[in-house]
Every structure is written in C-alpha cells, then in structure tokens.
Amino acid sequence: MFSLSKFGQKLCNQSGIVTLMDDLGDALRNNPDMIFMGGGNPAIIPEAQVTFTNALNATLNDENTLREFLGVYQPPQGDAGVLDDLATLFQHQYQWPITRDNIALANGSQSAFFVLFNLFAGEFAEGSRKQIQFPLAPEYLGYSDLGISENLFTATKPGIELVGDHFFKYHVDFSALKITEKTGAICVSRPTNPTGNVISDEELTQLDLLAKTHRIPFIIDGAYGTPFPNIIFSDAEPLWNDNIILVLSLSKLGLPGARTGIVIANPKIITAFAKANTILNLATGNLGPALLRNLLSTGKLMSLSKECLAPFYRQRMLQAVDCFQSALNGLPYRIHQPEGAIFLWLWFPDLPITSQILYERLKQRGVLIVSGHHFFPGITENWAHKEQCIRVTYCQDPEKLRQGARIIAEEVFKAYSQMAISV
Ligand SMILES: Cc1ncc(COP(=O)(O)O)c(C=O)c1O
C-alpha cells in the first residue's frame with residue numbers, strides 16, 4: 001500500500017482528459033465498430049501521409065541526420081537548426097522580429113502548457129496567489145488539471161449570439177471579463193477546442209491590449225491555428241508580439257505521435273521555459289524536429305496546411321453540418337458556427353438530461369462523443385448551459401458520421417420526449 005501526496009492525489013483523481021484518453025484507448029481496443037466521434041485525433045489524410053513518409057525517409061536515408069535522430073539529446077531549447085528555420089519562416093511570412101532566442105520546443109504542447117501555466121500562476125514568493133484567466137469559456141478540457149496548486153484557473157462566461165434558427169456564436173464578454181492583480185496570464189485557444197470558434201482579430205487585439213496594460217503575458221494556443229496547421233475556415237490573422245506567448249503543435253498537422261510543441265515568446269520567457277522543460281523532460285524527442293526540419297526546407301509545412309488540410313477539414317465540416325441538420329430536423333438544437341478546428345459543438349437548449357447522461361446513453365449505442373461539461377475550466381458556478389452541449393469530431397469518414405448523427409438525434413429525441421411525457 002502507498003499513500004499519495006496532495007500533488008499525487010490531484011493528478012490521480014478522475015479528470016476529464018484522463019477519461020477521454022481512456023475512452024479513446026478502450027473504444028479502439030474493445031469495439032472496432034464504435035462510431036468514434038469523441039477524440040482529438042486528426043484525420044488520416046492520404047496526401048499528408050505521403051508528405052510525412054517522404055520526410056521520414058529523407059531523415060532515415062541521410063547518415064548524419066540519422067545519427068542525430070537516434071543518438072543525440074537536444075539542447076534545452078531544442079535543435080538550433082529547427083529553431084533558426086522556424087525563425088526565418090516567421091520573419092519572412094509575418095515580419096515578426098524573431099530569432100532562435102524566441103523559440104523553444106516541447107514534447108507536445110500539452111506539456112508546454114503545464115510549464116507555462118505553473119510559471120505564471122500559483123503561489124508567489126511574497127505570499128500572493130495568481131490564476132490563469134480564460135476569457136472565453138468553453139475552453140480546452142486538457143487545461144483543467146494542469147495546475148500544481150488548487151484553483152489555478154478562472155474563466156469568463158461568453159456572450160452568446162443566436163444566429164438564424166439553428167446556429168450560435170460565442171463572443172468574449174469584455175463587460176464581464178475581470179483582469180485583476182490576481183491574474184497571472186490570459187489564455188485562449190484559437191480556433192477554440194471544443195467549439196470551433198475563432199476569436200476575431202478585434203477580440204484578439206483587445207485581449208492583447210488588456211494583457212499589456214496589466215503587464216501579464218497573453219498565451220495563444222494555436223494547436224489548430226495559424227500559421228500551421230491552419231485549420232481555419234474564417235478570416236483570421238496570426239498575432240505575435242513581445243508580450244504574446246504563441247504555442248503551436250505538430251499534432252493536428254497529422255503528427256500527434258511525434259509529440260512536438262513549439263513555444264514562441266520573448267527570450268526571457270523562453271529561457272525560463274527551457275529550464276523548466278529540461279528539468280521535466282531532460283530533452284525533447286527528435287522525431288518531430290527531424291520531420292519539421294524537412295517540412296520547412298521543402299516548403300511543405302505551409303503548403304500542406306494551406307492547400308491540403310484547410311480544404312480537407314472545411315469539406316468534412318460542411319458534410320458534418322449537413323448530416324446533423326438533416327438528422328436533428330424538428331428538434332431544438334443549435335450548432336456553434338464552425339469556423340475552425342475539427343469539431344462541431346452542439347447545444348441542446350433545455351435538454352432534460354445532462355450531457356454526461358447523453359454521453360453514457362450514446363456510448364451504450366456504440367457512439368462515442370465528449371460531454372460538454374468537461375470544457376468549462378475555471379467556471380465553478382452552476383450554469384445550465386454547461387450540461388446542454390456535446391462535442392463531436394468530424395474526422396470520421398462521412399458514412400460513419402451520418403450513422404453517428406442519426407443515433408445522436410434518436411437519443412436527443414428520446415430525452416426531449418421524456419420531458420414532454422413528464423410535463
Ligand atoms: C486546444 C488544444 N491545445 C493543446 C492540445 C495538446 O496537443 P499536443 O500536446 O498534442 O500538442 C490539444 C490537443 O488536443 C488541443 O486541442
């Protein structure tokens with residue numbers, strides 16, 4: 001028998017991200033027929049697979065790169081060659097004044113967020129406590145349990161704009177957003193997981209200004225965003241300056257197995273980040289950086305994002321919207337405006353069961369979705385909306401998507417019918 005520290009207990013409690021990853025694993029192992037609309041896996045896109053295979057072969061066929069690939073630890077910030085190539089890309093593409101000193105690599109962006117959040121929030125030397133503020137919840141469920149200390153997050157409920165009969169969109173509610181001396185940093189994912197929202201350029205600029213005014217960093221999670229993998233269907237400019245920490249990832253490009261995250265920030269933050277990351281990881285892995293180097297030198301990183309991924313996911317998104325509109329016809333539902341990422345966020349107003357119960361019923365029927373209540377890190381108050389939404393991924397092939405949408409509609413119909421009966 002053993003007892004766990006507070007930190008151990010916190011990490012080993014039931015958390016949304018662990019449940020989600022368990023479900024992904026179990027579903028894949030136990031039920032190959034499961035309609036898999038739950039996870040964050042990117043789609044397997046043939047053209048992207050060919051590009052990655054070529055990049056891998058080029059690495060394996062070169063004796064020098066192969067030796068480094070297998071036999072060398074990276075320095076704390078990551079391979080200097082990749083950092084230089086990335087800096088050149090950002091300078092040329094966006095005129096950002098960036099050198100290798102502004103960039104660090106990580107073993108996946110998830111681990112980068114662990115370091116960043118705990119660098120800027122928690123207990124401070126003089127006894128004060130600070131928190132990370134999410135100005136637009138719902139937000140990525142993977143953030144929820146990243147705090148070493150308790151209550152690391154606060155969040156602001158969004159403004160909800162109803163669009164037509166069956167769509168809606170969240171906006172940052174600046175009148176409700178409170179940045180105080182207890183705020184350690186502001187963080188948004190753009191596009192947002194789970195909603196597919198893309199915070200507008202104006203909202204982003206306003207948040208940037210707020211962060212600067214309060215002398216706190218502004219963290220932008222670009223896991224799905226600009227410049228790559230660019231899974232964005234609306235107009236959105238990338239933003240970076242000395243006060244912004246932009247976190248990118250190779251995962252949604254199609255390489256989640258490479259576990260590579262990229263942090264772009266001012267050199268002081270990068271130095272702090274690299275030290276912490278070295279203590280945690282010793283070094284980042286070599287697979288992602290090796291592939292990245294090849295994709296940068298061939299120009300494939302940007303062309304794949306723009307010419308392959310964005311159109312592919314846009315088409316899948318349109319098919320998904322069509323499937324759900326047909327399946328849910330006649331029911332009360334709203335879909336968040338799908339502006340990016342790989343999910344639809346469905347809202348069933350006044351749903352008489354919780355989204356968690358809906359999730360369980362759907363799992364029984366062989367459809368895996370994610371209950372929306374996981375996606376409100378920092379919102380502790382009761383709010384019915386938290387229990388009325390689900391997230392579905394549209395990476396599945398369209399036929400599976402259609403079957404999944406039909407089963408979801410049947411269960412939602414049953415839930416609303418029960419309400420009618422009990423009234
Ligand atoms: C918004 C967002 N940020 C970060 C991550 C973490 O990604 P990774 O650690 O694979 O880079 C994910 C994964 O799904 C995500 O959706």
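Residues with amide H under 5 Å of residue 376's amide H, sequence separation 5 or more or different chain, H placed in the peptide plane at 1.01 Å from N; which?
Distant-sequence amide H within range of residue 376: 139.
Taking amide H positions as placed in the peptide plane 1.01 Å from N, state which residues far from residue 219 in sequence (5 or more) or on other chains have amide H under 5 Å from it.
Under 5 Å from the amide H of residue 219 lie the amide H atoms of 186, 187, 188, 245, each far enough along the sequence or on another chain.
If Lys and Arg each add +1 and Asp and Glu each add -1, what is the summed charge of the other residues whose beta carbon sits under 12 Å from the beta carbon of residue 299? Write down the numbers at each step before the final one.
Details: positive: 300, 306; negative: 85, 307.
That works out to 0.
Can you list the HN-Hα couplings for the stretch 364-372, worked out from phi with the Karplus curve (6.51, -1.76, 1.60; θ = phi - 60°), rounded to whole Hz and with x for Gly and Pro?
Whole-Hz 3J(HN,Hα) from phi for the stretch 364-372: 4, 8, x, 10, 9, 10, 10, 5, x.
Could you compute the FRET efficiency for residue 6 and residue 125, with r as their C-beta to C-beta distance and R0 at 22 Å, rounded to 0.05? If you can, show how the numbers build up before the last one.
Working: r = 20 Å, r/R0 = 0.92.
The computed FRET efficiency comes out at 0.60.
Can I get the semi-axes of the stretch 14-62's equivalent ellipsoid? Compute them from the C-alpha gyration tensor as square roots of 5 times the eigenvalues, in angstrom, largest first.
Numbers: eigenvalues 187, 37, 21 Å².
They are 31, 14, 10 Å, listed from largest to smallest.
Rounded to whole Å and sorted largest first, what semi-axes of the equivalent ellipsoid does the C-alpha gyration tensor of the stretch 211-258 yield via the square root of 5 times each eigenvalue? Write down the numbers at each step before the final one.
Numbers: eigenvalues 111, 36, 9 Å².
Output for the stretch 211-258: semi-axes of 24, 13, 7 Å.
Explain nothing, just the number: dipole magnitude of the chain about its Cα centre with +1 on each Lys and Arg Cβ and -1 on each Asp and Glu Cβ, in debye rounded to the nearest 20. Could you put the intermediate results ahead of the total?
Numbers: 33 positive and 40 negative charges, 107 e Å.
Roughly 520 debye, rounded to the nearest 20.
Give me a comma-separated list of calculated 3J(HN,Hα) values for the stretch 156-162, in order, Karplus coefficients 6.51, -1.76, 1.60 applied at θ = phi - 60°, integers in Hz, x for any Gly or Pro.
For the stretch 156-162, the Karplus curve yields 10, 5, x, x, 10, 9, 7 Hz.
Please report, in Å, the Rg and the Dmax of the chain, where both are computed over Cα atoms only.
Values for the chain (Cα only, Rg and Dmax): 21.5, 73 Å.
With an 8 Å Cα cut-off and a minimum separation of 6 or more residues, compute the relative contact order for the chain in percent.
Numbers: 787 pairs, mean separation 93.1, N = 423.
So the answer I get is 22 percent.
Would you mind telling me the antiparallel percentage of the DSSP bridges in the stretch 48-301, rounded to 5?
Details: 15 of 29 bridges.
Around 50 percent antiparallel, to the nearest 5.
Can you tell which of 163, 313, 347 lies farthest toward the positive end of the dipole of the chain, using +1 and -1 charges on the Cβ of basic and acidic side chains (Lys, Arg; Asp, Glu)?
347
Using unit Cβ charges (K, R positive; D, E negative) and no other charged atoms, how large, in debye to the nearest 20, is the dipole of the stretch 117-205 about its Cα centre?
Computed about the Cα centre, the dipole is about 120 debye.
Please arrange 100, 129 by counting, for each residue, the other beta carbons lying within 10 Å of its beta carbon, fewest first.
129, 100
Tell me, what ³J(HN,Hα) does each residue in the stretch 239-253 have, in order and in whole Hz, if you take phi through Karplus 6.51 cos²θ - 1.76 cosθ + 1.60 with θ = phi - 60° and put x for Gly and Pro?
10, 8, 8, 4, 9, 9, 10, 9, 10, 10, 8, 8, 4, 7, 5
Taking amide H positions as placed 1.01 Å from N in the peptide plane, with prolines and chain starts having none, which residues 5 or more places from residue 183, or on another chain, fall under 5 Å of its amide H?
Placed amide hydrogens put 131 under 5 Å from residue 183.
Read the figures in this text as sums done on the coordinates, not as results from a lab. Computed from a predicted model, the values in this text were never measured in an experiment. Counting neighbours? That spans all protein chains shown, and the Cβs are built from the backbone with ideal geometry, glycine included.
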